[in-house]
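Inspection log for the structure reproduced underneath, given as structure tokens.
Since every read-out is calculated from the coordinates, none of them should be taken as a lab result. Being a predicted model, the structure only gives us computed values, none of them experimental. Ideal geometry is used to build each Cβ from the backbone, glycine not excepted, and the neighbour counts take in all protein chains shown.
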Amino acid sequence: MNKIKYFEKEISYIKNKERQDDIRYLINLIPDYFFKIPASSTGKYHPKFASGEHGLVKHTKVAVRIAYDLFETVTNFTDEDKDLIIMALIMHDSVKKGMVEEEYTRFDHPLLASKLIMENVKNLKSNTDDIRRMCMMIESHMGKWNTNKYSKVVLPIPKDEYQRFVHRCDYMASRNYLNVKFEKLEII
């Protein structure tokens, strides 16, 4: 499976070539099931375009596109910040059902994604501090929904403007009222 082809447009939003190489490396670590499953197993928490086959890919693409469009309104983010935000959004749900596909969404999936990345940090060109910063964006992407009655895990809540931005983009991409049009797997 050529996993990179699913995110070529999103990779092109990243300005730094080394960061592009890093996200390509990380995308190749994403379990195969990610590229096939819907964004939500119940369909309650995501719009229609994110249901069915490739739904999680579409949700991820929409979250990245929201960020990319909102960058036009944000003047305090550097290109480096924007690159890390895009990378975080591409990876935020990358292991939603665990490293090996489980029946249900893993509540701790943000922590699992961060762990996967940090276990591979030596293979990345970006410095460890930047990768850790990106991981904190991923770990806190659930926002105020950081607890679950079925899990003892408590996820971090967003603490800085970058973490809050990633959370908001993910949140907006999950709104049922969105009606994003796709041609194949590209937003039109």
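Couple of notes before you dig in:
- Sorting 66, 30 by the number of Cβ atoms found within 10 Å of their own Cβ, with the fewest placed first, yields 66, 30.
- Rounded if a/c under 1.5, otherwise prolate or oblate - region 93-171, Cα gyration tensor axes: oblate
- Sorted by Cβ neighbour density within 10 Å, fewest at the top, the residues 136, 91: 136, 91
- CD proxy at 222 nm, helix term only [per DSSP H run n ≥ 4: -39500 (n - 2.57); per residue of the chain; nearest 500]: -13000 deg cm²/dmol
- Distance in nm between pseudo-label sites at residue 72 and residue 121 (7 Å out along the Cβ direction from Cα): 3.6
- Dipole size of the chain about its Cα centre, with +1 on Lys/Arg Cβ and -1 on Asp/Glu Cβ: approximately 500 debye, rounded to the nearest 20.
- Dipole of the chain, positive end: most advanced residue of 63, 109, 47 [Cβ charges, Cα centre]: 47
- For the peptides 121-132, 79-90, the ranking by mean Cβ contacts within 10 Å, running from highest to lowest, is 79-90, 121-132.
- Stretchable slack from residue 172 to residue 153, in nm (0.36 nm times residue separation minus alpha-carbon distance): 4.4 nm
- Given the chain, longest segment not containing exposed loop chymotrypsin sites (Phe, Trp or Tyr not before Pro) (DSSP; at most 16 other Cβ within 10 Å): 46-103
- Residues in region 131-144 carry Karplus couplings, in order, of 5, 5, 4, 4, 4, 5, 5, 5, 4, 9, 5, 7, x, 5 Hz; the curve used is 6.51 cos²θ - 1.76 cosθ + 1.60 with θ = phi - 60°, and Gly or Pro positions show x.
- Cα gyration tensor category, rounded, prolate or oblate, for region 7-174 with a/c compared to 1.5: rounded
- Taking a ≥ b ≥ c as the square roots of the eigenvalues of the Cα gyration tensor, region 1-68 is oblate, since a/c reaches 1.5 or more and a/b is not larger than b/c.
- Of 174, 151, 140, the sequence from fewest to most neighbouring Cβ atoms within 10 angstrom is 151, 174, 140.
- Distance between the pseudo-spin-label points of residue 100 and residue 2 (7 Å out from Cα toward the beta carbon): 3.0 nm.
- Computed extension length for residue 25-residue 160: 45.9 nm, one decimal, from 0.36 nm per residue of separation with the Cα-Cα distance subtracted.
- Karplus (6.51, -1.76, 1.60) ³J(HN,Hα), θ = phi - 60°, over region 122-127, in Hz, Gly and Pro reported as x: 5, 8, 9, 8, 5, 6
- In Hz, Karplus ³J(HN,Hα) per residue of region 87-101 (6.51, -1.76, 1.60; θ = phi - 60°; x = Gly, Pro): 4, 4, 5, 4, 9, 4, 10, 4, 10, 4, 10, x, 5, 10, 3
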